Amino acid sequence: MECVFGLVGNGFAIVAADTSAVHSILVHKSNEDKIMILDSHKLIAASGEPGDRVQFTEYIQKNVALYQFRNGIPLTAVAAANFTRGELATALRKNPYFVNILLAGYDKETGPSLYYIDYIATLHKVEKGAFGYGSYFSLSMMDRHFHSGMSVEEAIDLVDKCILEIRSRLVVAPPNFVIKIVDKDGAREYAWRESVKEAVAV
Amino acid sequence: MARYDRAITVFSPDGHLFQVEYALEAVRKGNAAVGVRGTDVVVLGVEKKSTAKLQDARSVRKIVSLDDHIALVCAGLKADARVLVNRARIECQSHRLTVEDPVTVEYITRYIAGLQQKYTQSGGVRPFGLSTLIVGFDPYTGVPSLYQTDPSGAFSAWKANATGRNSNSMREFLEKNYKETSGQETVKLAIRALLEVVESGGKNIEIAVMTKEHGLRQLEEAEIDAIVAEIEAEKAAAEAAKKAPPKET
């Protein structure tokens, strides 16, 4: 089951997502990147129906880019989150997208932020959030160890604690995770946590 | 409901589309714009008609980006330009979404030209009153290009071109003085062409340089003034050399 979680720290926001692409009992690949770099200072970690996940997040990404070209300035994180929610809401009672999203962003004026957007267009601004069965474990770990204004090292430590918990306690736990961070210097990949390396074709 | 099915752009007995030709007149009244293609840069320049004292100059941007690697300047009806640029920007993103590739300069030029042509063959609409100069780099080969479109919907690639007010004089100048240049030399050539028809000075000219690495960069007024000064100095030196009697026999 797909695990996505994230938290806000001191001047940064961090999100982690599992990297398995699963179809019924088959694992297609275990290095699928589910955290999209929306623009220079925003990340979208998405989980849910694989086709919808890619389609919807790419659609949001291109519309965010269009806004920037039209208006000369990038969208703020809160604006991007509301736009995303709006698109989900519009499609909801016609042709819903089954995608859950954690949108992490950094704005110069307001600092880091994290938005919880679920597939029925719920929008919450949060300090920590999670989706999937893994959320039972990661949210509990974060409730125990999270405090406002954590440093990157503390946050990564907490992320690793959550991953450990998911790996040991979730019955069909995904083996690999990717961690991405967004701060004043932009959105970028931070690390991978792999316990099963993707087999390389010989 | 009113019926918008009657065409406005129709042929004259001698084979002219007068509405398109009148649109070209509107272009000829628009501000002077020039584009020059170098080996590693493409430069766009446009004259800035003196802004009213109370107007915020920064809100009037004549050279616009369509995408990270494509820019456009136009001459003619500015409101029509806004509509066309908007459609082009949407197409740039739409192309990226459907084929996961940025547009080539030729593709987006063909799209804009196609749009301009559509409005010469549709009911109830008039042609767009503008010509555009489109520059950019091919996203994969890195080759720079310059294209021009006009109200008829025709387009073609150019090494250097001008449109708008006094475009003929600028084009003549470019034909006489064009050679393969790169970097700053290309910028100078574009400014020299504009100076043929525009009052000299940084506040009357807007210049933007596009490179493969850094995308579009608008030059500051001070930078333009500096280059204009260089050009004037070179001109003065050339004049002096011509007037001075030859020393060697």
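The values are calculated or read from the model by the stated rules, or taken from the named source; none is laboratory data. Computed from a predicted structure; not experimentally measured. With ideal geometry, Cβ positions are generated from the backbone for all residues, glycine too; neighbour counts draw on all protein chains shown. The area values use the complete protein model at the heavy-atom level, side chains included, leaving out ligands, DNA and RNA. Shrake-Rupley method; radii C 1.70, N 1.55, O 1.52, S 1.80 Å.
Details
- Scanning segment A:75-108 for residues that are open to solvent by 40 Å² or more (accessible area, probe 1.4 Å) and without any contact (Cβ under 8 Å) to a residue 24 or more places away in the chain gives A:F83, A:T90, A:R93, A:K94, A:N95.
- For segment B:132-164, taking the residues that are hydroxyl-bearing (S, T, Y) and farther than 18 Å from B:V64 by Cβ, the one that is most open to solvent (accessible area, probe 1.4 Å) is identified as B:Y140.
- Candidates in segment A:40-55 are the residues that are more than 14 Å from the chain's Cα centre (by Cα) and within 14 Å of chain B (Cβ to nearest Cβ); of these, the one that is most open to solvent (accessible area, probe 1.4 Å) is A:Q55.
- Checking segment A:85-97 against the condition returns no match, with no residue being at pLDDT 95 or above, within 16 Å of the chain's Cα centre (by Cα) and within 21 Å of A:N10 (Cβ to Cβ).
- Number of positions in segment A:176-202 that are buried (at least 16 other Cβ atoms within 10 Å of the Cβ) and part of a loop (DSSP other than H, G, I, E, B): 1
- Meets criteria (buried (at least 22 other Cβ atoms within 10 Å of the Cβ), over 30 Å from B:G215 (Cβ atoms) and either in contact (Cβ under 8 Å) with a residue 40 or more places away in the chain or hydroxyl-bearing (S, T, Y) (or both)) for B:A7: no
- Filtered residues of segment A:160-169 (kept if surrounded by fewer than 17 Cβ atoms within 10 Å (Cβ to Cβ) and either closer than 15 Å to A:E127 by Cβ or in contact (Cβ under 8 Å) with a residue 24 or more places away in the chain (or both)): A:D160, A:R169
- Scanning segment B:86-112 for residues that are farther than 17 Å from A:K62 by Cβ and surrounded by fewer than 20 Cβ atoms within 10 Å (Cβ to Cβ) turns up B:E106, B:R110.
- Taking (1) touching a residue at least 40 places away in the same chain (Cβ under 8 Å); (2) open to solvent by 80 Å² or more (accessible area, probe 1.4 Å); (3) more than 17 Å from A:V15 (Cβ to Cβ) in turn, A:G149 satisfies each apart from (2).
- Residues located in segment A:62-77, provided they are more than 25 Å from A:E2 (Cα to Cα) and away from chain B (no Cβ under 14 Å): A:T76
- Criterion: away from chain B (no Cβ under 14 Å), open to solvent by 40 Å² or more (accessible area, probe 1.4 Å) and either under 15 Å from the mean Cα position of the chain (by Cα) or without any contact (Cβ under 8 Å) to a residue 40 or more places away in the chain (or both) - qualifying residue of A:D118, A:D157: A:D157
- In segment B:44-85, the residues that are part of a helix (DSSP H, G or I), within 14 Å of another protein chain (Cβ to nearest Cβ) and either open to solvent by 50 Å² or more (accessible area, probe 1.4 Å) or small (G, A, S) (or both): B:R58, B:S59, B:A81, B:R82, B:V83
- Residue count for segment A:9-37, restricted to those that are in a strand (DSSP E or B) and open to solvent by less than 10 Å² (accessible area, probe 1.4 Å): 8
- Within segment B:166-190, residues that are touching a residue at least 60 places away in the same chain (Cβ under 8 Å) and surrounded by 18 or more Cβ atoms within 10 Å (Cβ to Cβ) reach partners that are of a type in the set (S, T, N, Q) and assigned to a helix (DSSP H, G or I) with beta carbons closer than 9 Å, at six or more positions or on different chains, in the pairs B:L189/B:N177.
- Residue match in segment B:224-242 (condition: part of a loop (DSSP other than H, G, I, E, B), open to solvent by 90 Å² or more (accessible area, probe 1.4 Å) and of a type in the set (D, E, K, R)): no
- Screening the candidates B:S12, B:S50, B:S94, B:S59 for the property of being modelled with pLDDT of 95 or more and farther than 19 Å from B:A157 by Cα yields one hit, B:S94.
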